[in-house]
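What follows is a short report on a single structure.
Only the coordinates and a few stated rules stand behind these numbers; no lab work does. Bear in mind the structure is a predicted one, so any value in this text is a computation, not a measurement. Because the Cβ atoms are built from the backbone with ideal geometry, glycine has one as well, and the counts that use them run over all protein chains shown.
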Amino acid sequence: MMVEYLRKVVRKNRIIELAVATAMGFAGVAALAGPVGADPPLAVITADPSQHLNADGSVQIAGNYTCRGGQGKLFGSSWLEQVDSATEHRAFSTTEKWPDMLTCDGTERRYAFTLPTPEYFPFRLGPATLLIIWDIYTTDGNIDRAEVDQVTVTLVR
């Protein structure tokens, strides 16, 4: 009789454990999904899949951006890296030079800037890895970050 009682208690506890685990699982999925009808990000930046390798070894980076909130003061950084698979040499260039203000009216716009020639190993035609990070401070008081996070681009002439 005692064994039968313990089976019922253990079974009841197991059902409660499964119910709690299921509820926590649903709560976790809901949290990951985010709020329904969430506002789109204030800023988005993309890079063209092909970037222009200039004759002097610098690279013209171009793409599109969209931001909201009025005029935007831009602070950013970027880098481009290319590894020569035969020698393992790395061509690397970075810049923090940007236009002073962006127009942030929700319209997609073009941007372009030049990364300087690397100091040690030149860029070559072919794939490279690009990172761009923009922090945009808009006149309506918003601060937003937009990133192109280590995407592969192709350097072309």
> Taking segment 51-133, how much of its Cα-Cα pair set, in percent, is spaced more than 16 angstrom apart?
Replying inline: 55
> When a footprinting reagent is the concern and you count Cβ atoms within 10 Å, what order do Y137, Y120 take, fewest first?
Replying inline: Y120, Y137
> How high is the FRET efficiency from N64 to R157, r the C-beta distance, R0 25 Å, rounded to 0.05?
Replying inline: 0.70
> Which value in nm describes the separation of the simple spin-label points at I133 and E108, placed 7 Å from the Cα toward the beta carbon?
Replying inline: 2.6
> Listing E147, E119 from the residue with the fewest other Cβ atoms within 10 Å to the one with the most, what is the order?
Replying inline: E119, E147
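For V83 and R145, what does the FRET efficiency come to when R0 = 22 Å and r is the distance between their Cβ atoms, rounded to the nearest 0.05?
Values: r = 27 Å, r/R0 = 1.23.
Plugging the Cβ-Cβ distance into 1/(1 + (r/R0)^6) gives 0.25.
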> Under the Karplus relation 6.51 cos²θ - 1.76 cosθ + 1.60, θ = phi - 60°, what is the ordered set of whole-Hz ³J(HN,Hα) values for segment 107-112, x standing for Gly and Pro?
Replying inline: 8, 6, 10, 8, 9, 7
